[in-house]
Structure formats: structure tokens, C-alpha cells
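As C-alpha cells, the structure follows; a few thoughts come after it.
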Amino acid sequence: MTRPFLRQAKEEPGIVDPASGGPILHPDSRVPELPTYTATRYLQPLREGGSLPAVVDTDAGGLFVVKFRGAGQGAKALIAELIAGMLARAFGLPVPNLALIEVPVPFGRSEPDPEIQDVLRASHGTNVGLRYLDGAFNYDNSAAGELVTADFATRLVWFDAFITNPDRTHRNPNVLIWERRPWLIDHGAALYAHHDWASVDDARVHTPFTRIREHVLLARSANIEAIDAELAATLSDQCVTDVLAKVPDTLLLDRTRGEEFASGDEARARYWDYLTRRRDGPRTFVTEAVRARTQLRDLPLHRLSARR
Ligand SMILES: Nc1ncnc2c1ncn2[C@@H]1O[C@H](COP(=O)(O)OP(=O)(O)O)[C@@H](O)[C@H]1O
Ligand SMILES: [Mg+2]
């Protein structure tokens, strides 16, 4: 197996279309571009979750919801936002366009709220933005359930179990409905193993992720085992490499909470190892999701609604 970043990566053969003999669309080509814009105007804080993101105008990219490195879980939350967001796109799951957002020193100085001032002061430099979806609203099973197919629910449950995302619950779905389609946001709490790499042993790499039982779309999902092989194969080594290559050194080497890695590539190698080993299995997260879904179906209906 090719292990990039710390060693020279070997060329992958690429996928050839048996009909034409030419190259066909490789999953890697779905890794999105990650442009950089500069924040020009602080428009509005979003206080729903804990991390105090904001709608921000930019020099050339238009409006973004910016997740600030000076908030909550710091640079790690932004790294998770980028990796999970780009991986979701590689799986064909819709995520608003991602961008790196530079916050210049004078940005937001006139904001009267001291809490916002504190966050912005600690966020100079590179932050992460998601395209602002004007008019989007939060998904709710009872209000927008018909806009989500069983196939989408199944893929999303697999994906969230893979990236260990605890933030897709009934109370806090982090699925927006925009133009009658579901969009995924807020992956900052995913990949939580990276908050303490030293304790990440084989068992933690392969965690079954029992919190999948709280997933907002678990009851709507279908046969998770049936798509497991397909999704694991979508996540090629090259795809993981391409995603990680886009995560900037400034975030990977953020020293706010101590020094972890000597170089950006050393950090990327650690993530690469984690993601590819979790992909290669044993994928107990699939078994666990199947178990949780069966249990959910067996619950009497009144217990199901009490879960909310
Ligand atoms: N790209 C977006 N477009 C429109 N609204 C968004 C977007 N991203 C987030 N929001 C709104 O802001 C809220 C908080 O953003 P989120 O990323 O979930 O941050 P937190 O970590 O604080 O939960 C969301 O619940 C949603 O209502
Ligand atoms: Mg949220």
C-alpha cells in the first residue's frame, strides 16, 4: 500500500474504461477545489450551536459562513470541517462549497460584542468557510422528511459512522434544506480521535462508534451493509491523499494547544493512516449501525418519539 506524505508516493494505475480503453471518471476527481478569499465584512453571528460561526462577506467569493479557529475546539474543528466536508463531496454527498477564509487583523474591530471580539482576535489568519445558503432551514424528520431518500439516509449514516460524527442528531441535525435538497454542514466535531493522537490505538481507529444510534436519519436508512463495499472503495488512497493535501499547514501546525507535529506532512501522514486503516477495517462501525437500526425499528413507537 502506498503511504504518502512521509515517503515518496508511488503512481497509482488509474481506472480504465473497458469499453473505450480510455480513463474514466476517477472518484478522486470529485475532490473539490478549495479557493482562498479574504473576509471583508462581519455580517451576522450564528448562535445556534456552540462555536459562534458568522455570515461573512469576502473580497471575491461572496457570502460564507465562517468557522473561526479562535472558537471552541480551535484549529482541530476547522481541520475536521475541511476533511469531512471534502470526503463527503467525494462520496457524492452535498456540502456547500468550502473555502479558506483569511481574516485580516483589523477585521471586525468595530463589533460591539466582547465575545465576538475575543473569537475574532484569536482567529487572525486562515479560517474555514462554507458557502452561505440563503434561505436554508434546518432539516426536521416531520417537516422535510419527504425530501430525503432512503438511499441518501443510508449513505449519510455510513459516512457519519466512518468519520465519527456525533453532530447529526434529532436536536442538532446539521442538515440544511436548501432548494428542496438536503445539504450537510458542521463537521467540526467529527474525527474526534485527532484531539488526542497519543491515545489512538488500533481499537480507537476501528471504533464501532455507538453514538450512531442517535443519528437523525438512522430510522430512514435502508441496507447499510449493501453499500458498504461500494463506499469503502470510493475512498481510494489517492482520494484521501488529495483531500489531505488541501488542508493547509497553518491549520495542521496550529500551536495554540501545544506542538504535535514537526511538519504539515507529518500531520497529514497521521490522518492518512487513521482514515485508510478505518476504511480497511474491520469496519465494526457498519455492524454497529446495522445493530442500532434494527434496535430502533424494534422500539415501540412512543419510545421512538420520546427520543427527540
Ligand atoms: N452554509 C450555511 N448556509 C446557511 N446557514 C448556515 C450555513 N452553515 C450554518 N448555517 C446556520 O448556522 C447554524 C450554526 O452553524 P454550524 O455550522 O452548525 O455551527 P455550530 O458549530 O455552532 O453548530 C446552523 O445550524 C445553520 O442554521
Ligand atoms: Mg451545528
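The values are calculated or read from the model by the stated rules, or taken from the named source; none is laboratory data. Keep in mind that what you see is a predicted model, and the values were worked out from it rather than measured. Note: ideal-geometry Cβ built from the backbone for every residue, glycine included; neighbour counts use all protein chains shown.
Below are the figures for this structure:
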{"quantity": "Number of the condition not met by Gln238 [criteria: (1) within 20 Å of Leu87 (Cα to Cα); (2) modelled with pLDDT of 95 or more]", "calculated": "(2)"}
{"quantity": "When residues of the range 160-195 are limited to those that are over 17 Å from Arg277 (Cβ atoms) and more than 16 Å from ligand 2 (Cβ to nearest atom), the one nearest to the chain's Cα centre (by Cα)", "calculated": "His195"}
{"quantity": "Leu252, sole failed condition from (1) buried (at least 16 other Cβ atoms within 10 Å of the Cβ); (2) farther than 23 Å from Val103 by Cβ", "calculated": "(2)"}
{"quantity": "Hits in the range 208-236 (condition: closer than 13 Å to Ala161 by Cα, away from ligand 1 (no atom under 16 Å from the Cβ) and surrounded by fewer than 18 Cβ atoms within 10 Å (Cβ to Cβ))", "calculated": "Thr210, Arg213, Glu225, Ala232"}
{"quantity": "Given (1) within 15 Å of ligand 2 (Cβ to nearest atom); (2) buried (at least 19 other Cβ atoms within 10 Å of the Cβ), index of the condition Phe152 fails", "calculated": "(1)"}
{"quantity": "Residue match in the range 123-140 (condition: within 16 Å of ligand 2 (Cβ to nearest atom) and in contact with a His (Cβ under 9 Å, 6 or more places away or on another chain))", "calculated": "yes"}
{"quantity": "Residue check, Phe68 surrounded by 16 or more Cβ atoms within 10 Å (Cβ to Cβ) and either under 24 Å from Thr234 (Cβ atoms) or at pLDDT 95 or above (or both)", "calculated": "yes"}
{"quantity": "Any chance Asp298 is charged (D, E, K, R) and surrounded by 12 or more Cβ atoms within 10 Å (Cβ to Cβ)", "calculated": "no"}
{"quantity": "Residues within the range 122-156 that are at pLDDT below 95 and in a helix (DSSP H, G or I), tallied", "calculated": "7"}
{"quantity": "Any pair with Cβ under 6 angstrom, 6 or more apart, that starts in the range 33-61 at a residue that is within 10 Å of ligand 1 (Cβ to nearest atom) and ends at one that is among the small types (Gly, Ala, Ser) and outside any strand (DSSP E or B)", "calculated": "Gly50/Gly72; Ser51/Ala71; Ser51/Gly72; Leu52/Ala71"}
{"quantity": "Selection count where residues are touching a Pro at 6+ places or on another chain (Cβ under 9 Å) and either surrounded by fewer than 19 Cβ atoms within 10 Å (Cβ to Cβ) or not in a loop (DSSP other than H, G, I, E, B) (or both), scope the range 94-104", "calculated": "5"}
{"quantity": "Selection count where residues are part of a loop (DSSP other than H, G, I, E, B) and either within 14 Å of the chain's Cα centre (by Cα) or not aromatic (Phe, Trp, Tyr) (or both), scope the range 67-89", "calculated": "6"}
{"quantity": "Residue within the range 88-100 that is near ligand 1 (Cβ under 10 Å from one of its atoms) and among the small types (Gly, Ala, Ser) present", "calculated": "no"}
{"quantity": "Conditions (1) under 18 Å from Lys67 (Cα atoms); (2) crowded, with 23+ Cβ neighbours inside 10 Å; (3) touching a strand residue (DSSP E or B) at 6+ places or on another chain (Cβ under 7 Å); number of the one not met by Asp160", "calculated": "(1)"}
{"quantity": "Tally of residues being crowded, with 16+ Cβ neighbours inside 10 Å and away from ligand 1 (no atom under 16 Å from the Cβ) across the range 177-204", "calculated": "3"}
